[in-house]
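The values are calculated or read from the model by the stated rules, or taken from the named source; none is laboratory data. All values reported here derive from a predicted model rather than from experimental measurement. Using ideal geometry, Cβ is built from the backbone for each residue, glycine included, and neighbour counts are taken over all protein chains shown.
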Number of protein chains: 2
Amino acid sequence: MNILSQNTAFGGMQGVFSHASDVTGTEMTFAVFVPPQAIAEKRPVLWYLSGLTCTHANVMEKGEYRRMAAELGLIVVCPDTSPRGNDVPDELTNWKMGKGAGMYLNATEAPWAENFQMYSYITEELPALIAEQFRADMNRQGIFGHSMGGHGAMTIALKNPDRFQSCSAFAPIVNPLTADWTQDAFEKYLGADRAKWREYDACALVEDGARFPEFLIDQGKADSFLETGLAPWKFEEAVKGTDISLTLRMHERYDHSYYFISTFMDDHLKWHAARLESL
Amino acid sequence: MNILSQNTAFGGMQGVFSHASDVTGTEMTFAVFVPPQAIAEKRPVLWYLSGLTCTHANVMEKGEYRRMAAELGLIVVCPDTSPRGNDVPDELTNWKMGKGAGMYLNATEAPWAENFQMYSYITEELPALIAEQFRADMNRQGIFGHSMGGHGAMTIALKNPDRFQSCSAFAPIVNPLTADWTQDAFEKYLGADRAKWREYDACALVEDGARFPEFLIDQGKADSFLETGLAPWKFEEAVKGTDISLTLRMHERYDHSYYFISTFMDDHLKWHAARLESL
């Protein structure tokens, strides 16, 4: 693991690291905030998955999570959204595909399958590295994210309910099967057979029987992607009649930006801390 | 005044605006956070001046001031650090001079004098625009800043003690007469006669009789510019025997970055709010 930067913040440490990933075949960069409590003892791990076009840096710079994470004693891990590098396939004029658009799935189609294995990277390889390198209590993990990263957080939680004790999302893509900005990428990554897309779709996973106890979703009503790309009411519909508890909060005037995310960041950190017994 | 962007955040509004400045002869950009209270009533104004290489955007994205400013009801104005544009003189390979390095002074030397009038811009032209366009209580103003912007805040407060009720700084350049990163720029902006530099130097202003009731300064001890560019103990020395009160806090492990600034942002906002009676 290479240390790219380390800065003291809120009594803890905000670091940026990279490592050679076997899963993606590339050098992967990620950010970790280590709260002051984790110098002395193992602390819970909270995963933040970012949205389309982002790297690890967007939430690190604009998410405003460090003050409350330091208070609550949460380690916050912020991975990149895709493999990077000159040898990684991409569509240069399409921000919804390739670099910055890993969709938190394992691609099966050429030329994407060789590097775009973000599901395995996030759920297997990176957690092993975090467990090895930080004072992380891997028995207490939460996961959240924004937009494409909200999709990632919710699908990963639904597929790994024993691994995670908490899940939340800011403006998540709850139904990539129908969202306008994911269908092209899903077809290229997974092929034309939509049955195979269902394991990476929060609504479809619930319909197919996957369960996670409860979700918190915050959504801005002034979000320009609300109707065509997000539509959280589809997830509300999907969980009806199940034992899944959903807290869906719709906020007047808020958009899709980090101004929205940072406003509700404290609420999400507290949501996770309560469920991770990190108070 | 042109609206470049407006985003809802913490119940208020973070805006970015531009206007044609008579003082600099250029289009100037600035950011304003309007707290929710300022929709209904006039609120105090807090000026944040940024450091070398920055625009209005650095603190807006990384300063983490909105949550507490919304709570305290402070309007936060973040100007640019220099005039910009293709016609503005610059030294392209020197980040301590020209664009991004206005030094909050009025240049007297060619070719700089025509545009680099940041002192007048910050103290006269922009306040008039803020008073006109926002619900700003101009009888309650505070000023703070970082590094070069800490220099700006402190010198502007010392020269305008009737205008401002509060002043603080993160890692300020307290003595540009001796700091290694300001002498070249001061000579080019103001000429070789160092007597003329003294009105833009916090230590020299105090020595020459300028007064402001009290200052809060936070400084990281792991700041790589501490010895050669900042040296806050020089200001501590300058105020000895005066009626100026200085709270100088030295912090182990903190550097010169926004990770340092954001950590202590809440303390500074509360410092100003208490003196602006904005609680």
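Sort out which residues of segment A:270-279 are surrounded by 14 or more Cβ atoms within 10 Å (Cβ to Cβ), assigned to a loop (DSSP other than H, G, I, E, B) and not hydroxyl-bearing (Ser, Thr, Tyr), and write them in order of number.
Selection gives A:276 alone.
Considering only residues that are more than 14 Å from residue B:133 (Cα to Cα) and away from chain A (no Cβ under 14 Å), look in segment B:26-39 and name the one that is surrounded by the most Cβ atoms within 10 Å (Cβ to Cβ). Steps first, answer last, please.
Residues of segment B:26-39 that are more than 14 Å from residue B:133 (Cα to Cα), as a first pass: B:26-29, B:35-37.
When the remaining residues are screened for being away from chain A (no Cβ under 14 Å), the result is B:26-29, B:37.
Working: B:26: 20, B:27: 13, B:28: 24, B:29: 18, B:37: 19.
That would be B:28.
Does segment A:250-266 include one or more residues that are assigned to a strand (DSSP E or B) and either under 20 Å from residue A:165 (Cα atoms) or modelled with pLDDT of 95 or more (or both)?
Keep residues of segment A:250-266 that are assigned to a strand (DSSP E or B), which gives A:250-251.
Going one step further and asking which of them are either under 20 Å from residue A:165 (Cα atoms) or modelled with pLDDT of 95 or more (or both), we end up with A:250-251.
Yes, there is a match, as at least one residue in segment A:250-266 is assigned to a strand (DSSP E or B) and either under 20 Å from residue A:165 (Cα atoms) or modelled with pLDDT of 95 or more (or both).
Could you grab me the full set of residues in segment A:8-25 that are within 10 Å of another protein chain (Cβ to nearest Cβ) and either more than 19 Å from residue A:72 (Cα to Cα) or not in a strand (DSSP E or B) (or both)?
Keep residues of segment A:8-25 that are within 10 Å of another protein chain (Cβ to nearest Cβ), which gives A:8-14.
Correct list: A:10, A:11.
So, in segment A:227-269, of the ones that are free of Cβ contacts under 8 Å to residues at least 40 places away in the same chain, under 20 Å from residue A:181 (Cα atoms) and more than 14 Å from every other protein chain (Cβ to nearest Cβ), which residue ends up surrounded by the fewest Cβ atoms within 10 Å (Cβ to Cβ)?
Top of the filtered list is A:227.
Do any helices (runs of 4 or more DSSP H) entirely within segment B:46-141 hold 3 or more residues that are charged (D, E, K, R), and if so, which?
Working: elements: B:57-62, B:66-72, B:126-133.
Output list reads B:66-72.
Would you mention how many residues in segment B:190-241 are hydroxyl-bearing (Ser, Thr, Tyr) and part of a helix (DSSP H, G or I)? Reasoning before the result, please.
The first filter runs over segment B:190-241 and keeps only residues hydroxyl-bearing (Ser, Thr, Tyr), leaving B:200, B:224, B:228.
Filter once more, so that each one left must be part of a helix (DSSP H, G or I): B:200, B:228.
Counting residues in segment B:190-241 that are hydroxyl-bearing (Ser, Thr, Tyr) and part of a helix (DSSP H, G or I) gives 2.
What's the total number of residues in segment B:46-102 that are among the small types (Gly, Ala, Ser) and more than 14 Å from chain A (Cβ to nearest Cβ)?
Kept after step one, since they are among the small types (Gly, Ala, Ser), are these residues of segment B:46-102: B:50-51, B:57, B:63, B:69-70, B:73, B:82, B:85, B:98, B:100-102.
Add one more test, that the residue is more than 14 Å from chain A (Cβ to nearest Cβ), and what stays is B:50-51, B:73, B:82, B:85, B:98, B:100-102.
Residues that pass the stated criteria total 9.
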